[in-house]
Every structure is written in structure tokens, then in C-alpha cells.
Amino acid sequence: MTREGSFLFDVTPHHDLRAPARHRGQGRWGAWAHLLPAVVLAVVVLLAPLAATVVMSVTGAEGPAAYAGVVTDQDIWPALFHSAVWLALALVACGLGLAIAWLAGDAGPRSRMLLLIALATPAVTSPLTAGVAFRLIFDADPERGTVSALLRGGPLLLGPGWIWLVLGLAFVWQWTGLAFVVFHVGLANVPADLLRVTRIFGAGRFGRLRTVVIPALFPTSAVAMLVVLTAAVRVFDLVLIGAPGSVQAGVDVMGLFWWRHRDDLGDGRASAMAILLAAMASAVVVVVLWRLRRDWPRARHRPGDPAAPAPARPRRAVRVVTVAVAVVWAVPFAVLLLTSLRDPVAAATSGWWAGGYGPGSYGEAFDGGAFAAALGATAQRGVLVAVLVVLPAVPAAYALTPDQLPPRTRRVVAAVAVVLAVLPPQVLAVPLGDVLGAWLGGTVILSFVHAALVLPLGVLLLRNAFMSVPRPVVLRPLAQGRSALFQMTVESGPAVVTVAVLAFVTTWNDLVMGLLLNWPAADQAPLVLLQQAREFTTSAGVLAAQAVVLTAVPVLLLLATGRWLVQGLTRGVRR
């Protein structure tokens with residue numbers, strides 16, 4: 001079988017072991033026409049500001065020496081190191097997700113479903129919500145903090161040094177679930193004949209994991225790690241709200257340091273710092289995903305196939321462990337909800353276990369109508385961004401399927417998409433602000449910025465799904481004179497829903513772009529939450545109530561579309 005070289009998300013077919021669904025489209029010019037809307041949006045909103053930032057970094061007062069100034073600045077080095085720590089935490093979250101998925105294989109369907117709900121929910125919550133929940137849990141005052149009350153006289157976990165434990169736990173709590181979902185599906189599709197051979201040769205459970213399972217999960221790892229690494233690169237609001245002001249300087253990441261000190265750094269050094277952050281993120285992601293590139297055929301066993309191995313009986317110990325993991329993952333939500341149900345004064349002076357329940361915090365959260373108006377504006381922007389992402393992403397993903405563009409061109413476009421997917425917003429903020437100015441306060445213009453940031457990942461996910469559509473399904477409409485693009489879109493419906501939900505949730509939870517481009521206009525719900533957090537202790541009840549409301553929308557969306565989301569995230573890697 002002859003196949004072209006693949007890059008990152010190129011994987012083998014889904015329903016047969018021949019080449020992917022190859023078909024003659026409208027020629028290369030037609031493929032470029034399909035790619036054009038996404039290219040225009042990426043060039044205008046991402047590549048042009050990136051180029052402008054590069055120019056500013058070498059033409060400022062210091063010239064090219066601005067890069068040396070950043071590298072040798074002793075105040076910037078800690079932020080650079082901290083950004084690298086977050087990238088390492090992303091790998092920890094992916095590894096933990098794999099471990100839980102491997103463990104859940106023997107847990108039984110009910111325990112797995114419980115794990116799926118408990119672990120996947122944090123992935124759609126705002127980093128602000130995670131920061132608020134974990135700061136409430138680890139509040140230094142034993143009268144208010146859950147952990148402090150249990151460990152009276154113990155270490156101050158929100159103090160210097162220990163704060164990294166709190167922030168790291170919050171990040172891992174938020175993103176392990178996404179890795180678990182993707183790896184869970186990937187494990188279910190590991191070729192059964194390979195596992196059978198390793199058993200015959202006496203390989204134990206961990207031997208099979210090392211020699212068969214992990215290599216077979218390479219394409220799956222690419223999807224999970226790209227999303228989690230993107231979150232790590234863009235860490236901002238979790239540190240901003242999760243760490244008390246007295247210790248924030250000790251945990252600053254490059255993006256947050258850039259925001260605090262941009263005026264002090266000057267245009268040249270600030271631009272150089274943003275470019276270095278983008279270069280570091282791009283290098284890590286490309287190296288990791290290049291190492292994870294691997295093509296494996298999907299096992300051809302079907303339910304009821306006598307050759308397929310019988311499902312393993314659930315093990316009691318494993319069920320207990322999985323239930324315990326689900327309970328632990330639910331604790332931050334429980335603390336947040338119970339705090340929000342307390343009177344504002346009671347929430348400011350005592351922990352959630354001390355009573356004083358009532359609707360007062362919610363009443364105060366919506367008092368004046370500013371938060372309600374911000375929720376409406378944020379929802380409107382989220383819907384618009386979802387449309388702006390899906391419309392160009394669908395034809396662009398179709399253009400990147402085989403025989404639409406030359407193989408080398410497709411690999412280059414895919415590589416550029418991967419780099420743009422992890423582009424930090426700080427690289428774009430200054431040029432966009434200079435050019436667009438007051439227009440950024442409007443819903444439409446800022447929505448285009450949000451859409452451009454989500455678009456590369458959306459194209460890659462849809463391309464995975466399109467590549468897995470069986471050949472006969474594509475050839476049939478071509479033979480009948482109908483659109484292959486339409487048929488592939490219908491067949492990949494879950495992936496389209498996934499991209500739309502991803503775009504909406506990303507916009508709904510976004511604080512960074514609003515803070516960089518639209519501050520001080522508080523017409524977005526996360527900005528209202530940030531303002532409330534300035535007096536964290538005295539406003540704990542109101543802050544928790546707003547965080548619960550902010551979380552409820554994406555969680556309800558997750559519950560409504562969960563089955564499609566799982567299929568959409570894993571369609572292109574179920575080989």
C-alpha cells in the first residue's frame with residue numbers, strides 16, 4: 001500500500017486499511033478557494049499582527065538588542081522559568097489522564113460513565129472558576145479554608161513556595177479530564193491482535209502498556225496534548241485570581257509579566273518578550289507532536305465478532321478507586337456551590353460548613369444588572385464566534401484532505417495551523433490595539449479576533465474527521481453529481497458540533513483578550529468576575545455565585561452535546 005508522508009494529524013483510514021478517502025475534487029484552484037476564507041482570517045488577525053510584533057521587536061529604541069535585554073533581565077528569568085513549568089504541568093495532566101483511562105478499563109460501564117462526567121466537566125469551566133474554587137479550598141484562614149481547617153497549624157498553602165502546589169492542582173484538575181476522554185476512546189480501539197500477541201509472549205499489564213498501548217496512542221496523544229499545551233501556553237487568569245496578591249510576583253508567567261510591565265519594558269523589549277514566548281510555545285508543541293506522529297490501523301473487531309476478546313469483568317478494587325477519583329474531582333465544584341449558597345457576610349467570615357445558607361449571594365451578584373448584561377453580551381459573542389469559526393473551518397479542512405492540494409503544501413499548512421493554535425494573545429495585542437482602536441469595544445470586531453484564535457485548532461480537528469470518512473461515502477455523491485464537501489460535513493457532524501462548542505466555550509470563558517483589548521469595558525462576564533475578585537475575602541459568596549453561574553452555561557452545553565463531543569474529539573484518531 002502506498003501512502004504519502006503525513007504530518008502530525010495525518011493518520012490512517014477509519015473503516016478500511018486502504019488509503020484514506022481519496023477523490024478528485026475541483027482541482028487545486030478549487031482547493032485554494034476552499035482554503036481562502038480561513039487564510040484571510042488568519043493572515044489579517046494572526047499573521048499580520050505577528051509580523052508587526054516581530055518588526056517592533058527589532059526596530060525599537062534598543063533594536064535587535066531587545067532580545068538580549070529580555071534574556072539577560074533577571075526580573076524576566078523567573079517568569080520564563082514559570083512558563084516552562086506550566087508546559088511540564090501539561091504533560092503531567094496528559095499522563096494522569098492516560099493513567100486514569102488505563103485504570104478505568106477494568107472499572108465497568110457505570111464507573112466509567114461517572115468518571116467521564118466528573119473529569120470532563122472541569123475542561124469546559126473557566127480558569128477563573130478553577131482559581132476561585134481552589135483559592136476557597138486552600139484559604140489560609142482555618143475559619144474559611146477547607147484544607148486549612150483540616151490541617152490547623154500546617155503549612156500556609158497560599159504562601160510562597162506552596163502556592164505552586166495549589167495552582168498546579170487547579171490546572172491538572174481542569175485539564176486531566178480532556179486527556180482522559182481522548183485516551184479512553186483511544187484505548188478502546190487499540191488493535192486487539194497486538195495485545196493478544198503480547199499476552200502470548202508473557203507481557204504483563206505494564207509491559208503491554210509500554211510496548212503496545214502507548215505507541216498505538218500516538219495519534220490520540222497529538223490531539224490531547226495540543227489542546228492541553230495550548231491551555232498551558234495561555235495560562236493567565238488562573239494565576240491572576242488563584243494566587244493572592246502578596247505572592248503573585250513569585251508565580252508570574254511570561255504572559256502575565258508582560259501585561260503588568262509592558263509600559264516599563266518599552267515597545268522593543270515588550271515585543272521581543274512576546275515573540276520569545278511564542279517561539280518557546282511553538283518549539284515545544286512542534287517537537288512533542290512530531291515525536292508523537294504515528295500511523296496505526298484500527299482493530300477490525302466489531303461488537304459480536306467471535307474473534308474479539310470478551311470484555312473484562314469489572315474489578316471491585318478498581319471500581320472503588322475510580323469512584324474515589326470521581327468524588328475528589330467533584331470537591332471543587334461542591335465547595336464553590338456551597339459557598340455560593342451562603343449569606344455574603346457568613347461566606348466572608350467562615351467556611352462553607354458553618355451554616356448561614358440563603359440566596360443572598362446570588363441576589364447581590366445580580367444586583368444592578370451589570371452581571372446579567374455581561375452574561376447576555378458574552379453569550380451573544382460566543383454564538384457569533386462559533387459561526388465565524390465553523391464557516392471557514394469546514395471548507396479549509398476539506399481542502400486539506402488528500403488530492404485537494406499537493407502533499408507538501410498540505411504539510412506546510414498543517415504545520416502553520418499547529419503553530420498558530422498555540423499563539424499567545426500577547427503577540428497580537430499591541431498591533432491589533434493600534435490598528436483597530438475603539439472598534440475592539442464592539443461585539444463583531446472582537447468576535448473576529450476570538451474566532452481567529454480558535455480557527456487553527458478547529459481546522460485540525462475537522463481535518464481529522466474528514467480524513468476518516470470512508471471512501472464509498474465520498475465517491476457516491478461524486479458519481480451522482482452532488483457535493484463531496486456536503487457529504488463529508490454530514491458524516492462528520494459530531495466534529496462540526498465539537499468545533500462550534502469549542503469556539504463558544506473558549507469565548508465564554510475568555511478573560512485574556514477582553515483584558516488586553518477591551519479593558520476597562522466590563523461587558524464580558526469574566527471581566528465582571530475579575531473586578532469582584534479584587535476584594536476576594538469580603539466578596540467570597542458573591543464571587544462564588546457568579547462563578548457558579550458562569551460555569552453553569554458550558555456545563556449544560558457539555559451535558560447536552562456530550563456524546564457528539566466525544567465522537568468529534570476522537571473521530572480522527574479512532575484508527
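Of all residues in segment 525-553, exactly one satisfies the criterion of being outside any helix (DSSP H, G or I) and in contact with a Leu (Cβ under 8 Å, 6 or more places away or on another chain), namely Phe536.
Of the numbered conditions (1) touching a residue at least 40 places away in the same chain (Cβ under 8 Å); (2) within 24 Å of Ala397 (Cβ to Cβ), Gln426 satisfies every one except a single condition; which is it? Of (1) touching a residue at least 40 places away in the same chain (Cβ under 8 Å); (2) within 24 Å of Ala397 (Cβ to Cβ), only one is false for Gln426: (2).
In segment 156-178, the residues that are touching a residue at least 24 places away in the same chain (Cβ under 8 Å) form Cβ pairs under 8 Å with partners that are of a type in the set (Lys, Arg) and surrounded by 17 or more Cβ atoms within 10 Å (Cβ to Cβ), at six or more places apart or across chains, as follows: Leu158/Arg135; Val166/Arg135. Could we say that Leu337 is crowded, with 19+ Cβ neighbours inside 10 Å and touching a residue at least 40 places away in the same chain (Cβ under 8 Å) here? Against the criterion (crowded, with 19+ Cβ neighbours inside 10 Å and touching a residue at least 40 places away in the same chain (Cβ under 8 Å)), Leu337 does not qualify. Within segment 549-575, restricting attention to residues that are hydroxyl-bearing (Ser, Thr, Tyr) and at pLDDT 85 or above, the residue that is nearest to Ala465 (Cα to Cα) is Thr561. For residues in segment 142-192 being part of a helix (DSSP H, G or I), of a type outside the set (A, V, I, L, M, F, W, C) and out of contact with any Lys or Arg (no Cβ under 9 Å at 6 or more places or on another chain), which is modelled with the lowest pLDDT? Only one residue fits best here, namely Ser148. Mind listing whichever residues of segment 149-162 are more than 19 Å from Val239 (Cβ to Cβ) and touching a Phe, Trp or Tyr at 6+ places or on another chain (Cβ under 7 Å)? Pro155, the sole residue that qualifies.
Provide a single number: the residues in segment 115-131 that are touching a Ser or Thr at 6+ places or on another chain (Cβ under 9 Å) and of a type in the set (A, V, I, L, M, F, W, C). Quick ask: steps written out before the conclusion?
If we filter segment 115-131 for residues that are touching a Ser or Thr at 6+ places or on another chain (Cβ under 9 Å), which is where we start, we get 115, 119, 121-126, 129.
The next check asks that each one be of a type in the set (A, V, I, L, M, F, W, C); those that pass are 115, 119, 123-124.
Count: 4.
What do you reckon, is Leu440 farther than 25 Å from Arg381 by Cα, surrounded by fewer than 23 Cβ atoms within 10 Å (Cβ to Cβ), at pLDDT below 85 and in contact with a helix residue (DSSP H, G or I) (Cβ under 6 Å, 6 or more places away or on another chain)? For Leu440, the condition - farther than 25 Å from Arg381 by Cα, surrounded by fewer than 23 Cβ atoms within 10 Å (Cβ to Cβ), at pLDDT below 85 and in contact with a helix residue (DSSP H, G or I) (Cβ under 6 Å, 6 or more places away or on another chain) - is not met.
Condition check ((1) closer than 30 Å to Gly541 by Cβ; (2) touching a Leu at 6+ places or on another chain (Cβ under 8 Å); (3) in contact (Cβ under 8 Å) with a residue 60 or more places away in the chain; (4) buried (at least 21 other Cβ atoms within 10 Å of the Cβ)) across all residues:
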| position | (1), (2), (3), (4) |
| --- | --- |
| Ala379 | yes, no, yes, no |
| Val383 | no, no, yes, no |
| Leu400 | no, yes, yes, yes |
| Ile445 | no, yes, no, no |
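Scanning segment 69-84 for residues that are of a type in the set (A, V, I, L, M, F, W, C) and buried (at least 16 other Cβ atoms within 10 Å of the Cβ), we see that the one that is nearest to Met280 (Cα to Cα) is Leu80. Val497 fulfils the conditions (1) buried (at least 22 other Cβ atoms within 10 Å of the Cβ); (2) at pLDDT 90 or above except for a single criterion, (1).
The values are calculated or read from the model by the stated rules, or taken from the named source; none is laboratory data. Fair warning: this is a prediction, and the values are worked out from it, not measured in the lab. Here the Cβ is made from the backbone with ideal geometry for all residues, glycine too, and neighbour counts use every protein chain on show.
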